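Note sheet for the following structure.
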Amino acid sequence: MSILNFRRKTASQPADMGSFLQGYSIEVMPRTAEKVEDFRALLPRGTRVYIAHIDGTPIEDMVATARRIAGEGFDVMPHFPARSISDAATLADWIARYQGEADIRQGLILAGGISEPRGAFDNSMQLLDTGLFDKAGFTDLHVAGHPEGNRDIDVDGGDRAVTDALRWKQAFAARTDARMAITTQFCFESAPVIAWAEGLRANGIDLPVHIGIAGPAKLQTLIKFAVACGVGPSMRVLQKRARDVTKLVLPYEPDEIVTDLAAHKAANPAFPIEGVHLFPLGGIGLATDWANARIAATTQDAAAQ
């Protein structure tokens with residue numbers, strides 16, 4: 001089982017690690033995006049930027065952030081959290097605002113981070129079933145994935161309800177013109193990710209996967225976010241690390257989990273992970289510097305051969 005490397009790597013990396021990171025996406029919020037003077041200084045042009053909609057964030061702030069980032073040349077995919085949307089009219093209004101002001105035609109459709117719905121919607125399937133995304137001509141619809149399960153959905157710790165929901169979304173993919181994919185929660189070991197992703201096929205789910213990876217951050221920061229986001233058993237990696245007081249100040253970098261997944265993909269081309277989605281828990285600049293450096297190292301290694 002993979003154990004993360006918390007030390008900064010200076011030696012050469014496996015050539016397929018940078019290739020695996022090529023075309024990565026990243027997640028921001030309006031308040032974190034405000035701290036970035038120009039995303040063009042950080043991201044390759046055309047990078048997909050998800051905008052997380054934390055409950056209570058005004059739609060005006062979300063749309064303004066989408067407009068600004070799209071204007072800098074990036075593909076913007078805002079979150080549509082079902083439990084924060086009161087009714088179909090509100091959903092239609094959000095879609096109209098995003099399209100009218102930022103020409104948005106992509107969305108991550110998910111239940112959202114609150115336990116009780118604000119109105120008519122409790123889950124992402126209800127949002128998709130309105131038909132409003134298809135009516136608006138959305139080209140890409142992503143849904144949430146949970147490699148280590150989700151106790152908000154499967155309270156017994158299993159995966160039956162989550163798997164049933166993905167089967168529904170698989171069926172929905174057959175009746176929408178939009179490209180569909182699964183964007184996952186982050187975790188810290190490759191073994192559960194590989195087992196989950198390979199298990200999708202056994203359950204008749206062939207949607208491509210964009211795997212969530214926690215970007216570089218302090219250990220204390222990671223633990224805080226992991227607890228808040230309901231990360232599963234792979235959190236033991238962080239807990240084990242926390243018990244070693246001599247290593248608490250060392251930065252976390254997700255090189256080992258990404259290397260493991262890249263190697264598995266190289267050995268198994270049909271492996272459904274098609275992209276990496278970065279959660280910049282330690283800061284947007286730190287995450288993009290990490291990813292860009294590894295992509296550049298692969299490019300340089302290839303040029304030298």
Pick from segment 45-58 the residues that are in contact with an Asp or Glu (Cβ under 8 Å, 6 or more places away or on another chain) and open to solvent by 20 Å² or more (accessible area, probe 1.4 Å): which of them is nearest to residue 24 (Cα to Cα)? 48
Return the residues of segment 97-127 that are of a type in the set (Gly, Ala, Ser) and open to solvent by 60 Å² or more (accessible area, probe 1.4 Å); say none if nothing qualifies. 100, 113, 115, 120
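Please count how many residues of segment 162-172 are open to solvent by less than 30 Å² (accessible area, probe 1.4 Å), modelled with pLDDT of 90 or more and in contact with an Asp or Glu (Cβ under 9 Å, 6 or more places away or on another chain).
Here the count works out to 1.
Could you count how many residues in segment 206-224 are over 22 Å from residue 145 (Cα atoms) and not in a strand (DSSP E or B)? Write out each step before concluding.
Here is the first cut: in segment 206-224, the residues over 22 Å from residue 145 (Cα atoms) are 217-221.
Keeping just the survivors that are not in a strand (DSSP E or B) gives 218-221.
Count: 4.
Can you tell which of 159, 177 is open to solvent by 10 Å² or more (accessible area, probe 1.4 Å) and more than 10 Å from residue 147 (Cα to Cα)?
Numbers: 159 fails: more than 10 Å from residue 147 (Cα to Cα).
Matching residue, one of 159, 177: 177.
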Considering only residues that are modelled with pLDDT under 95, charged (D, E, K, R) and within 19 Å of the chain's Cα centre (by Cα), which ones fall in segment 124-157? 148, 151, 152
Taking first residues from segment 49-71 that are under 19 Å from residue 38 (Cα atoms) and second residues anywhere that are of a type in the set (Asp, Glu) and surrounded by fewer than 21 Cβ atoms within 10 Å (Cβ to Cβ), the pairs with Cβ under 6 Å that are 6 or more apart or on different chains are 63/101; 67/101
Looking at segment 64-104 only, could you name the residues that are among the basic types (Lys, Arg) and either out of contact with any Asp or Glu (no Cβ under 6 Å at 6 or more places or on another chain) or not in a helix (DSSP H, G or I) (or both)? 68, 83, 97
Just name the residue that is least open to solvent (accessible area, probe 1.4 Å) out of those in segment 23-44 that are closer than 19 Å to residue 94 by Cβ and within 16 Å of the chain's Cα centre (by Cα). 28
Cβ-Cβ under 8 Å, sequence separation 6+ or interchain: first residue in segment 111-123 and modelled with pLDDT of 95 or more, partner hydroxyl-bearing (Ser, Thr, Tyr) and buried (at least 17 other Cβ atoms within 10 Å of the Cβ). Which pairs? none
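The values are calculated or read from the model by the stated rules, or taken from the named source; none is laboratory data. Given the structure is predicted, the values throughout are model-derived calculations rather than measurements. Quick reminder, even Gly has a Cβ in these numbers, built from the backbone with ideal geometry, and neighbours come from all protein chains shown. Accessible surface is based on the protein model in full, side chains and every heavy atom, while ligands, DNA and RNA are left aside. Shrake-Rupley method; radii C 1.70, N 1.55, O 1.52, S 1.80 Å.
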